[in-house]
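The block underneath contains the structure these notes are about, expressed in structure tokens.
Bear in mind that the values in this text are calculations on the coordinates, not laboratory data. Quantities reported herein were computed from a predicted structural model and do not represent experimental measurements. Cβ placement follows ideal geometry from the backbone for every residue including glycine, while neighbour counts extend to all protein chains displayed.
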Amino acid sequence: MIICPHMSLFSLFRGRSGRGRKILVAFASQTGAAEAIAWRSANALIGAGGFVRVAALGSLDPAALAEAGTLLVVTSTYGAGESPDSARAFVRRHMGARVNFRGLEFAVLALGDRKYDATFCQFGRGLDRWLAQCGARRLFDVVSVDGDDDDTAMGKWCEQLGKLGARCDVENLMPGAPQDWVLAARHLLNPGSVGGESWAVALTPKNPAHLHWTAGDIAEIWPRNDPGTVADFIARHDLDGETLFKWKGHWTPLATILAMSRLPADHEVAGISVQWLVERLEWLGAREYSIASLPADGRLELLVRKAVKNDGSLGLGSGWLTQTCAAGGTVSLRLRPNPNFHPPAEQDAPLPQILIGAGTGMAGLRAHLKYRAAAGRKEAWLLFGERGRGDLYYAEEIEAWRKDGTLTRADLVFSREEGSRRYVQHLVEAAGADVRELVVARGASILVCGGLEMAAGVHNALIAILGEDELDAMTQDGRYRRDIY
Ligand SMILES: Cc1cc2nc3c(=O)[nH]c(=O)nc-3n(C[C@H](O)[C@H](O)[C@H](O)COP(=O)(O)OP(=O)(O)OC[C@H]3O[C@@H](n4cnc5c(N)ncnc54)[C@H](O)[C@@H]3O)c2cc1C
Ligand SMILES: Cc1cc2nc3c(=O)[nH]c(=O)nc-3n(C[C@H](O)[C@H](O)[C@H](O)COP(=O)(O)O)c2cc1C
């Protein structure tokens, strides 16, 4: 049986597993990676006898876990070592208490990122400890995954799933390879800004079938080194850029592998075989960007802040998109469904919506406003902050949405112009009574997009206005959703 990922955030009996086991695969995910792995793991576990169920951790309580039989949790860590939003209420309500989990066996796959050194996979590890302290039997040590493409860690998970009866192939647990897109156009949106340059970047897929996503989804970009630098490296070391090597699970030309890896110094390469070189190359990694357009626009648009480091060099991902990649050049891109930031469920869709963001957070909000405008939905309220008035991206579209009623209200704040360093969270605080009225009396949903600090300020303002229980309930119902970074 094929399980369709992202079918439901909530529990669903899906199929039969090996050896008569009852397996619950619970996930907690902020930007969709852990959720996708949970569904793929469940898919692999379906065999003869027993049942496999997939559920969002946030939709469960300790009693449901206690009777799960075998519990596999796939979770990421967010914020500063915290849970994803969808598990926030679970942590608050249950994880401070000792529960009796005797009879339950469990294992945890913890997603994280090693750059968050001290809090690497902290939430997954904490959950693993809590389950064990409550008497559940650990099937195997927590498996920590560094990013989406950690095939070593996923190999360990796969091996353990195999012991539970899964027909597991690590490639089937990993996200697919990136696709080839073309950098069709880009332009600077905020010339003369006191902040960093922000660019509108438009991409078209080489295969039109890839023009397929939902408002709220994320584009993963695999940045490349400057093509000239790669060509020089290949020439200097007399390499054949066309030779194919198995890299990240796929046959890839050497020139592409070198383009996506940190290029070693010449002395590190001297006398080593090409195979050894490929094995030792360090991948540059992927960078995530909120998608700012809809497939109906015919192109995938991003709003990218060019990162400039202290030494004047550019950030890899933003530099690649805004400068290094030539117009018409190939961009490796993987679409990531982000169910936690999708539009509200159909029955809630006609209700008002409050969209809150700052800076490049306008990208995700714009996709949602386009979605509402296309569906003829009215009553959206935008609260947006940036440094200067020149940083009001897509000002003409915002004006048009105000005129046609898509936006009934737009509150804007420019921290460097108001003199008082006011930010979007101050707008939220000031509009507290109206926010409360729209949410409580009219059932409005809230979307927040942008940086972590802004999101924390907005979250605290919303707690003051609505209370933590109401925000938790809204998160559970999909009426409070965040795309934050
Ligand atoms: C969900 C999400 C949505 C985002 N949306 C947007 C958006 O709409 N617009 C926007 O401008 N930015 C967005 N960002 C931020 C963006 O992903 C980049 O962090 C930003 O562009 C700076 O990256 P850079 O490569 O230019 O800079 P760099 O300085 O090269 O890298 C930035 C960071 O990436 C990390 N990094 C370094 N090496 C690796 C590696 N090998 N693998 C993985 N990570 C590594 C480092 O911590 C570094 O500080 C989003 C981030 C997330 C998580
Ligand atoms: C704003 C932000 C904060 C994060 N904080 C942590 C952290 O404290 N520790 C960690 O290991 N990973 C952290 N991560 C990395 C995520 O856990 C990692 O990207 C994971 O693959 C996301 O999975 P998800 O899409 O299921 O949420 C953070 C990522 C972001 C964007």
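Sort 245-257, 356-368, 148-160, 54-66 by the packing proxy (mean of other Cβ within 10 Å over each peptide's residues), most packed first.
356-368, 54-66, 148-160, 245-257
Once Rh is set to the Kirkwood radius over Cα pairs, what Stokes-Einstein translational diffusion coefficient, in µm²/s, holds for the chain at a temperature of 37 °C and a viscosity of 0.692 mPa s? Show your work: numbers first, answer last.
On the way: Rh = 24.0 Å.
Translational diffusion coefficient: 137 µm²/s.
Using only helices, what value at 222 nm comes out for the chain when you add -39,500 (n - 2.57) per DSSP H run of length 4 or more and divide by the total residues, to the nearest 500 deg cm²/dmol? Mind dumping the intermediate values first?
Working: 17 runs with 144 residues, N = 485.
Helices in the chain give a 222 nm mean residue ellipticity of -8000 deg cm²/dmol.
Would you report the distance distribution of C-alpha pairs in the range 357-411 as whole percents per 10 angstrom bin, up to the bin with the largest distance?
All Cα pairs, binned at 10 Å, distribute as 25, 61, 14, 0 percent.
State, as an integer percentage, the relative contact order of the range 303-362 based on alpha-carbon contacts under 8 Å between residues 6 or more apart.
Numbers: 22 pairs, mean separation 18.9, N = 60.
Relative contact order, the range 303-362: 32 percent.
Sorting LEU392, LEU109, LEU382 on the 10 Å Cβ count, fewest up front, what's the list?
LEU392, LEU382, LEU109
List, largest first, the extents of the alpha carbons of the range 179-336 along their principal axes, each in whole Å.
Taking max minus min along each principal axis of the Cα atoms, the range 179-336 gives 50, 39, 22 Å.
In whole Å, what three semi-axes, largest first, describe the equivalent ellipsoid of the range 342-485 built from its Cα gyration tensor (square root of 5 times each eigenvalue)?
Values: eigenvalues 90, 73, 34 Å².
Ellipsoid semi-axes (Å, largest first): 21, 19, 13.
Please compute the Kirkwood hydrodynamic radius of the range 430-485 from all pairs of different C-alpha atoms, in Å with one decimal.
Computed over the range 430-485, the radius equals 11.4 Å.
For the pair LYS163 and LEU351, what calculated FRET efficiency results from E = 1/(1 + (r/R0)^6), where r is the Cβ-Cβ distance and R0 = 45 Å, to the nearest 0.05?
The calculated FRET efficiency here is 0.45.
Please report the projected area of the range 12-173's Cα convex hull averaged over all directions, in nm².
Values: hull surface 32.9 nm².
Answer in nm², one decimal: 8.2.
Taking other Cβ within 10 Å of each residue's Cβ, how do HIS342, HIS267, HIS459, HIS237 sort, fewest first? Please report the intermediate quantities before stating the final value.
Working: HIS342 19, HIS267 7, HIS459 22, HIS237 15.
The fewest-first ordering by Cβ neighbours comes to HIS267, HIS237, HIS342, HIS459.
Could you order the peptides 212-221, 94-103 from most to least packed, using the average number of other C-beta atoms within 10 Å per residue?
Listed from highest to lowest mean packing, they are 212-221, 94-103.
Sorting GLU268, GLU35 on the 10 Å Cβ count, fewest up front, what's the list?
GLU268, GLU35
Note down the nm distance, to one decimal, between modelled labels 7 Å out along Cα→Cβ at ALA235 and at GLU268.
Each label point lies 7 Å from its Cα, and together they span 2.3 nm.
At a Cα cut-off below 23 Å, give the lysines reachable from LYS403, other chains included and same-chain residues fewer than 8 away excluded.
LYS370, LYS378
Would you mind computing, in nm to one decimal, how far apart the modelled labels at GLN133 and VAL308 are, each placed 7 Å from Cα along Cα→Cβ?
It is 4.8 nm.
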